[in-house]
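A quick write-up on the structure given underneath.
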Amino acid sequence: MAYFCSQVLSTSFFTPKPQIPVLLSPGVACIKSSQPYRFLHLKAMQDNKVSMPTPGDESKVRVPHVLTVAGSDSGAGAGIQADLKACAARGVYCSTVITAVTAQNTLGVQGVNIVPEDFVAEQLRSVLSDMSPNVVKTGMLPSTGIVKTLCQSLKEFPVQALVVDPVMVSTSGHTLAGPSILDSFREELLPMADIVTPNLKEASALLGGVPLETIADMRSAAKAIHDIGPRNVLVKGGDLPVSLDAVDVFYDGEDFYEFRSSRIMTPNTHGTGCTLASTVAAELAKGSQMLSAVKVAKRYVEAALSYSKNIAIGGGLQGPMDHLLKLKSNVLRRPFDPCDLFLYAVTDSRMNKKWGRSIVDAVKAAIEGGASIIQLREKEVETSDFLEAAKACLKICRVHGVPLLINDRIDVALASDADGVHIGQSDMPAHVARALLGPDKIIGVSCKTPEQAQQAWIDGADYIGSGGVYPTNTKENNKTIGLDGLKTVCLSSKLPVVAIGGIGISNAQAVMGLGVPNLEGVAVVSALFDRECVLTETRKLLEVLKESTKIAN
Ligand SMILES: Cc1ncc(COP(=O)(O)OP(=O)(O)O)c(N)n1
Ligand SMILES: Cc1nc(C(=O)O)sc1CCOP(=O)(O)O
Ligand SMILES: [Mg+2]
C-alpha cells in the first residue's frame with residue numbers, strides 16, 4: 001500500500017493571485033458570492049446571528065469550531081473519529097452529527113446502520129442552534145434525505161464555510177453512499193460548498209462516470225465540478241495510475257494549483273480523505289484563506305502519514321494513522337518509576353574532559369555499570385554540542401530502558417526529546433517547565449527545605465533531589481544540609497527523593513540507612529566521573545547500594 005508525501009508544492013499554469021478571503025477572521029464571513037445561501041449567511045451576520053461578539057462577552061475566548069456531519073468508524077481510523085482527532089491535533093474544537101454507524105476495522109466494513117433522517121435533523125438543530133460552529137465539514141451522507149436535511153439546516157443556521165468530502169466508497173471498497181445520492185450532491189450540496197475534495201473515483205462519479213487517468217483529465221474534472229457550484233475544488237490524485245508521484249489539483253474558479261507529492265510506502269492510509277477535509281475545515285475555522293488551508297492540511301496529513309508509517313494497529317491491509325503523532329514515542333517510553341532513582345549518575349563535562357572521555361562514552365559506561373537514571377549536567381558546553389550529545393545519549397539510554405534527564409535546559413530537553421529535566425530553585429520555575437514539557441516528561445526539583453518540597457509537589461514535580469548531604473567540590477557555594485536536613489525534606493513530602501552531594505561508596509550506606517520510605521536512591525557526580533574507570537566505580541557503588549537495601553530489610 002502506498003501514499004504520497006509532498007515535499008514541494010508546485011504551482012503551475014498561472015502565477016498565483018492574492019486570494020479573496022473566504023474568512024477574514026473567525027467570525028467574519030466571505031463576501032465573494034451571489035449564491036442565495038451566502039446572502040442568507042450575510043444577512044444572518046448583519047442580524048447578529050452568526051459569530052458576532054456580543055457586549056459583555058469580551059472576557060470569553062471564542063475558540064475555532066468545526067461541526068463534522070459524518071459516519072462513525074468503529075475502528076476509528078476514518079469518519080467522525082478521524083475528524084475529531086484531526087481537529088484536536090490542529091487545536092480546533094469539533095462537534096459531531098452522526099449520520100451512520102459503521103462496524104469497521106482494518107479488514108473492511110462489516111456493517112452499516114443509517115441514522116434516521118429526523119434524528120440527524122435533531123442533532124443538527126442541537127449543535128447549530130446553540131454552538132455556532134465556524135465551519136461545517138461533511139463526510140458520509142448515506143441518503144438523499146440526509147443530504148436534504150443538512151442543506152435545509154444550513155439555510156436555517158448559516159455558517160462561515162462548508163467543506164464537502166463527497167464520501168462514496170470506503171478505502172476497502174465498501175459503498176457508503178449509493179449513486180442515488182449523486183443528484184442531491186450535484187443539485188443541493190455542492191452549490192453551497194466552499195470546497196469539495198473528491199478523489200478520482202468520486203470526481204468521476206460526480207461527472208457521470210468520465211474516466212480520469214491523467215493530470216489533464218483531473219484539471220478538466222476540477223473545472224467541470226466547479227461548474228456545478230462549489231467555490232473551490234481539490235481533486236485528489238493519489239490513485240492516479242502510471243506515476244510514481246501523485247498530483248492533487250486545486251481549482252478556485254480562476255487558477256489551477258498542483259500539489260505534487262512523492263510516495264510514502266505505508267499501509268496506514270485509512271482515513272486520509274476525512275483527515276484532509278477536516279484539517280482544511282479546521283484551518284478555515286481559524287481564519288485561513290482557502291489556498292493556505294489546503295496547503296497546511298496537505299502538509300499535516302503527509303506529516304501524520306510519514307510519522308505513522310510503521311505503527312501496527314489491526315491485522316488488515318489498511319491501518320489507521322496517528323493523528324496526534326504520539327503513539328510511536330509513547331510505545332517506546334515507559335512511565336517514570338521512583339525506583340529509577342536508585343543509582344542516579346549525573347555527568348560533568350569538566351571531569352570527563354579531564355579523563356579524556358566523551359559524554360557519550362561516560363554515559364555508556366555508567367549504564368553498563370548499573371546506573372538506573374542519567375542526568376546530563378553539562379554546564380560548559382555549547383548549546384549545539386549539548387543537543388548533539390543529548391541525542392546520542394538518548395539512543396543508548398532508550399536501548400537500555402534508562403531514563404535520560406537534562407540539567408537546567410528545558411530547550412535542550414524538548415529539542416532532543418529527552419525523558420525530562422532536573423531544575424533547581426533558581427532555574428525555570430517547575431510549574432512553567434511542566435507547562436512547556438507537558439504531562440509525560442519527568443521533572444525533578446532540587447529542594448533543601450520542607451517549603452520547597454511542598455512547592456515542588458504543587459508545581460507538578462515527579463521527584464525531589466535533596467542535598468548537599470555532605471560537602472561537595474562539584475557545585476560551588478552549595479549549602480550542606482546533612483543527613484538531618486535530608487530526612488526533614490523526605491518526611492515533609494510524598495514525592496520520591498534522591499539524595500545528592502558528596503556521596504560515594506564510603507557513605508552511601510549511611511545515607512540509605514536513614515530508613516525513610518520515600519528516599520529512593522543517591523545521585524552522584526564525582527564518585528563516578530572524576531575517576532579513571534566509570535564502569536568499575538558504578539559497579540562498586542551499585543553493590544554498596546544493594547547491600548544497604550539488604551541491611552534495611
Ligand atoms: C538529582 C539532582 N539533584 C539536585 C541537583 C542540583 O540542581 P540545581 O540546584 O539546579 O543545581 P545545578 O545542578 O544546576 O548546578 C541536580 N542537578 N540533580
Ligand atoms: C549538582 C549538585 N547539586 C547539589 C545539591 O545539593 O543540590 S550537590 C551537587 C553536586 C554533586 O556532586 P558530587 O556527587 O560530586 O558531590
Ligand atoms: Mg540547575
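Read-outs: derived from the displayed coordinates by stated rules, not from any lab. If you're wondering where the values come from, they're calculated on a predicted model, not measured in any experiment. Note: ideal-geometry Cβ built from the backbone for every residue, glycine included; neighbour counts use all protein chains shown.
Starting from the Cα of K379, step 7 Å toward the Cβ, then list every residue of region 416-445 with an amide N under 14 Å from that point. Of the residues in region 416-445, 424-427 have backbone N under 14 Å from the label point off K379. Find the percent of Cα-Cα distances in region 146-245 that exceed 19 Å, and round it to a whole number. It works out to 41 percent of all Cα pairs. Summing Cβ point charges (Lys, Arg +1; Asp, Glu -1) relative to the Cα centre of region 109-206 gives a dipole of roughly 180 debye.
Counting every pair of alpha carbons in region 483-553, the share spaced more than 20 Å apart comes to 29 percent. Looking at the chain, the DSSP beta bridges with both ends there are about 35 percent antiparallel. L491 to L324: FRET efficiency via 1/(1 + (r/R0)^6), r the Cβ-Cβ distance, R0 51 Å, to the nearest 0.05? My answer for the efficiency is 0.80.
Taking a point 7 Å from the Cα of V61 along the Cα-to-Cβ direction, the residues of region 260-302 with backbone N closer than 15 Å to it are 286. Computed from the C-beta positions of K550 and N113, the FRET efficiency with R₀ = 51 Å rounds to 0.25. Based on the alpha-carbon gyration tensor of region 338-419 and its eigenvalue square roots a ≥ b ≥ c, which shape applies: rounded if a/c is under 1.5, prolate if not and a/b is larger than b/c, or oblate? Oblate, since a/c reaches 1.5 and b/c is not below a/b. Could you work out how far helix 79-89 tilts from the main Cα principal axis of the chain, as a 0 to 90 degree angle to the nearest 10? Relative to the chain, helix 79-89 is tipped by roughly 50 degrees. Computed from backbone phi with θ = phi - 60° and the Karplus coefficients 6.51, -1.76 and 1.60, the 3J(HN,Hα) list for region 260-266 is 9, 9, 10, 6, 9, 7, 7 Hz; x is used for glycine and proline. Distance between the modelled labels on T480 and S180, one decimal in nanometres: 8.9 nm (7 Å Cα→Cβ projection). Annotation: extensible slack from M131 through K354 equals 73.8 nm (criterion: 0.36 nm per residue apart, minus Cα-Cα distance).
Magnitude of the charge dipole for the chain, about its Cα centre and with charges confined to Cβ atoms of Lys, Arg (+1) and Asp, Glu (-1), is about 620 debye.
For region 436-504, the convex hull spanned by the alpha carbon atoms encloses 100 Å³ per residue. Dipole orientation for region 262-419: of the candidates P403, T279, W355, T279 has the Cα lying most toward the positive pole (charges on Cβ; Lys, Arg +1; Asp, Glu -1). Secondary-structure-derived ellipticity at 222 nm for the chain, considering helices only, amounts to -11500 deg cm²/dmol, per-run term -39500 (n - 2.57) for DSSP H runs with n ≥ 4. Stokes-Einstein at 25 °C, 0.890 mPa s, Kirkwood radius from Cα pairs: D for region 179-292 in µm² s⁻¹? Using the Kirkwood radius from Cα pairs, D works out to 168 µm²/s. Principal-axis analysis of the Cα atoms of the chain puts helix 359-369 at an angle of about 70° to the longest axis.
Have a look at the DSSP beta bridges in region 103-205 and tell me what percent are antiparallel, nearest 5. Percentage antiparallel, nearest 5: 40. Which of the listed residues, V421, H431, M218, is farthest toward the dipole's positive end in the chain, when Lys, Arg count +1 and Asp, Glu count -1 at the beta-carbon? Looking along the dipole axis, the top candidate is V421. Summarising the amide proton neighbourhood of L107: residues at separation of 5 or more, or on other chains, whose placed amide H is nearer than 5 Å comprise G316. For region 384-521, the extents of the C-alpha atoms along the principal axes are 39, 33, 29 Å, listed from largest to smallest. Working ranking of peptides 489-500, 275-286, 537-548 by packing, defined as the average number of other Cβ atoms within 10 Å per residue, highest first, is 275-286, 489-500, 537-548.
Kirkwood hydrodynamic radius computed over region 147-195 comes to 11.8 Å, based on all pairs of distinct alpha carbons. Does region 418-466 come out rounded, prolate or oblate, given a ≥ b ≥ c as the square roots of the eigenvalues of its C-alpha gyration tensor, rounded meaning a/c under 1.5 and, failing that, prolate meaning a/b above b/c? The shape class here is prolate.
To the nearest ten degrees, helix 117-131 and the longest principal axis of the Cα atoms of the chain are 60 degrees apart. For the chain, the direction-averaged projected area of the alpha-carbon convex hull comes to 30.6 nm².
Computed from backbone phi with θ = phi - 60° and the Karplus coefficients 6.51, -1.76 and 1.60, the 3J(HN,Hα) list for region 434-443 is 4, 4, 6, 8, x, x, 8, 6, 7, 10 Hz; x is used for glycine and proline. Gain on full extension, evaluated as 0.36 nm per residue between D337 and E122 minus their Cα-Cα distance, stands at 72.5 nm. Extension gain for the segment A103 to K155, taken as residue separation times 0.36 nm less the Cα-Cα distance, is 15.5 nm to one decimal. With θ taken as phi - 60° and the Karplus curve 6.51 cos²θ - 1.76 cosθ + 1.60 applied, the whole-hertz 3J(HN,Hα) list for region 98-109 is 8, 9, 7, 10, 10, 9, 8, 8, 6, 8, x, 9 Hz, x standing for glycine and proline. Taking amide hydrogens as placed 1.01 Å from N in the peptide plane, the amide H of T99 sits under 5 Å from those of A70, G71, S72, each at least 5 positions away in sequence or on another chain.
For region 255-320 versus region 426-475, the spacing of their alpha-carbon centroids is 40 Å. Projected onto planes of every orientation and averaged, the convex hull of the alpha-carbon atoms in region 304-458 covers 11.2 nm². What the Cα atoms of region 281-352 give is an Rg and a Dmax of 20.3, 57 Å. The Cα center of region 84-125 and the Cα center of region 58-82 differ in position by 9 Å.
The modelled label-to-label distance for the pair R531/V169, using points 7 Å beyond Cα in the direction of Cβ, is 6.9 nm. Note on E543 and S506: their simple-model spin labels are 1.8 nm apart, each label 7 Å out from Cα toward Cβ.
What does the C-alpha gyration tensor say about the overall shape of region 257-309? Classify as rounded when a/c is under 1.5, otherwise prolate if a/b is larger than b/c, or oblate. Since a/c reaches 1.5 and a/b is larger than b/c, the shape of region 257-309 is classed as prolate.
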